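**Q** Before anything else, here's the structure in question.
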Amino acid sequence: MDKNLFIQALSKFFSGLLLMGILLFLPAGTFHYPQAWLLICILFVPMFMAGSVMMAVNPELLKKRLNAKEEQADQKTVILLSALMFLVSFVLAGLSFRFGWLMLPKWVSYAGAALFLTGYVLFAEVLRENTYLSRTIEVQEGQTVIDTGLYGIVRHPMYMCTLLMFLSMPLVLGSLPAFLVMPVYIPIISKRIRNEEHVLEEGLVGYREYKQRVRWKVLPHIW
């Protein structure tokens, strides 16, 4: 086992858990926010399990997923905007619970949890199909075009999964104000996809032909 990778993974896991707890429970003014606990469970329990599997089976993939340092200025902007989006959405969710602002029925939280877990399962399938999948935009040594499975349906199934998961998060939290913030993710990933496709067209053999075969970027027949 790579000790440094293990420590890095645990550090990021617990720092993310702590940060989400602060962003949700501090604005809520209480730990008795059941929808927040539901989101934390469905997010971090599968994350821990997936990380453990990658550590045991494919530590190189885990290393790529932990590497979030972007070199391109445009992508640093995308990451900053995404972070602000989550911050505003989570704080709004906590405040919504605290003051009763447009809270959604409990069944919406359960439906949102089902959607979120569906996105998680699809995301796991994307990771299985594409071992080159890093968190930064780059063309890796030996990388080839993946055009099977979900990649045969849309060119960016990872963003399809994250879109489903991110839009379902405020539903799990039961907050309409928080949900109204999350569609900001669409123009954010649109910018990222444009840059990513430019990099892939320039550096990955066969990607231009792949774009001609697979028309849709994120959502079949929509986008």
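Quick note: the coordinates plus some simple rules give every number you see, no bench work behind them. What you see is a predicted model, and the numbers here were worked out from it, not measured in a lab. Heads up, the Cβs are rebuilt from the backbone with ideal geometry, glycines too, and the neighbour counts pull from every protein chain shown.
**Q** Grab the DSSP H runs of the chain that are 4 residues or longer, score each as -39,500 (n - 2.57), total them, divide by all residues and round the 222 nm result to the nearest 500 deg cm²/dmol.
**A** Value at 222 nm, helices only: -23500 deg cm²/dmol.
**Q** Could you give the angle, 0 to 90 degrees to the nearest 10, between helix 73-99's Cα long axis and the longest principal axis of the Cα atoms of the chain?
**A** 20 degrees
**Q** If you add up the charges near residue 156, with Lys and Arg at +1 and Asp and Glu at -1, over every other residue whose beta carbon is less than 12 angstrom from its beta carbon, what do you get?
**A** The answer is +3.
**Q** Which residue fluctuates the most in the chain, going by a Gaussian network model with Cα springs under 10 Å, if the choices are 18, 38, 87?
**A** Judging by the Gaussian network model, the answer is 18.
**Q** Hey, what angle do you get for helix 106-129 against the long axis of the chain, alpha-carbon based, 0 to 90 degrees rounded to 10?
**A** The answer is roughly 20 degrees.
**Q** At residue 13 and residue 184, where each label point lies 7 Å from the Cα along Cα→Cβ, what is the point-to-point distance in nanometres?
**A** If labels sit at residue 13 and residue 184, their model points lie 3.0 nm apart.
**Q** To continue, here is another question. Residue 101 to residue 216: extension gain in nm, 0.36 nm per residue of separation minus the Cα-Cα distance?
**A** Result: 37.7 nm gained on full extension.
**Q** How large is ³J(HN,Hα) for each residue in the range 188-197, as worked out from phi by the Karplus curve 6.51 cos²θ - 1.76 cosθ + 1.60 (θ = phi - 60°), to whole Hz, x for Gly and Pro?
**A** For the range 188-197, the Karplus-derived couplings read 5, 6, 4, 5, 5, 5, 4, 5, 5, 5 Hz, x marking Gly and Pro.
**Q** Right, here's the next one. Pairs to check: 12/211; 76/217; 12/191; 12/106. Give those whose C-alpha atoms are more than 28 Å from each other in this structure.
**A** 12/211; 12/106
**Q** With springs only between Cα atoms under 10 Å, which of 36, 50, 28 fluctuates most in a Gaussian network model of the chain?
**A** Result for the chain, Cα springs under 10 Å: 50 fluctuates most.
**Q** When a/c is below 1.5 the answer is rounded, else prolate if a/b is larger than b/c, else oblate, so apply that to the range 82-121 with a ≥ b ≥ c taken from the square roots of the Cα gyration tensor eigenvalues.
**A** Judged from the Cα gyration tensor, the range 82-121 comes out oblate (a/c at least 1.5, b/c at or above a/b).
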